[in-house]
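Where a number appears in this text, it was derived from the coordinates with a stated rule and is not lab data. This one's a predicted model, so the numbers in the text were calculated from it and none came from an experiment. Glycine also receives a Cβ, built like all others from the backbone with ideal geometry; neighbour counts cover every protein chain displayed.
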Amino acid sequence: MHTPGHVGTALLVYSPIGLALLLGGLDELAVLGGVGMVALATLPDCDHRLPLIAHRGPTHSLLFALALGTVLGAAGFVFGETFVGVSAPIMAAFAFAIGILAVLSHLAADSITPMGISPLWPLSGWHYSANVVRAKNPIANFLLLAVGVAAATGALALATML
């Protein structure tokens, strides 16, 4: 998928988590997580700019999700309490989860394209494609964006009403 599709998928995946955080009174954390998901939504596509990395190779794997989650979790542990005001272990777990979820949402969106993904790289060459829609399809990309924005808006509205 392209940027709108990835952003929409990230918002869709994060909306229930954001809702739970808002209902729990953790508004700042809810916003931080949403911003993080959107900011990281296209990170796996950095392989387009890396000459030695195949597109939808290492950066489109569960290993990359784990690596990103680990890096963000470590940063959350070191800086979380200072900048966010959340205890270091809680912030580490939250940042770890955001890193993993951002990559998994990207993989989910790319898995519906004919090109598919190889999520078990480097352990296996197994490849998956639902072959539903081409990545460059503007209707599919903007439909995913609309669904994600609607889910995030609905979560915010629901949290405000409850």
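Laid out as a table, the results:
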| item | result |
| --- | --- |
| Dmax and Rg, reported as Rg then Dmax, of the range 46-89 (C-alpha, Å) | 14.4, 40 |
| 0 to 90° range, to nearest 10: angle between helix 62-83 axis and the chain longest Cα axis | 20 |
| Selected from Thr113, Thr82, Thr59 as most flexible by GNM, with the chain as the system and alpha-carbon contacts under 10 Å | Thr82 |
| Highest-fluctuation residue, Ile117, Ile139, Ile98 considered, GNM on the chain with Cα pairs under 10 Å | Ile139 |
| Acute angle (nearest 10 degrees) that the helix 3-23 long axis makes with the longest principal axis of the chain, alpha-carbon atoms | 30 |
| Convex hull volume of the range 80-154 per residue (C-alpha atoms, cubic angstrom) | 132 |
| Crossing angle, helix 88-111 versus the chain [Cα axis fit, 0-90 degrees, rounded to tens] | 30 |
| Most positive-pole-ward Cα, Gly73, Pro89, Val38, against dipole of the chain from beta carbon charges | Val38 |
| Over the chain: Rg over Rh, Cα atoms, Kirkwood Rh | 1.00 |
| Residue among Ile112, Ile17, Ile53 with the largest mean-square fluctuation in a Gaussian network model of the chain, springs linking Cα atoms under 10 Å | Ile53 |
| Relative contact order (%) - the chain, alpha-carbon pairs under 8 angstrom, separation at least six | 35 |
| Over the range 31-120: Kirkwood hydrodynamic radius from C-alpha pairwise inverse distances, Å | 13.5 |
| Within the chain: Cβ-based charge dipole about Cα centre, in debye rounded to nearest 20 (Lys, Arg +1; Asp, Glu -1) | 440 |
| Neighbour net charge for Asp45 - beta-carbon separation under 14 angstrom, K R +1, D E -1 | +1 |
| Largest-first ellipsoid semi-axes for the range 4-53, taking √(5λ) over the Cα gyration tensor eigenvalues, angstrom | 28, 10, 6 |
| For Met91, Met161, Met115, order by how many other beta-carbon atoms lie within 10 Å, fewest first | Met161, Met115, Met91 |
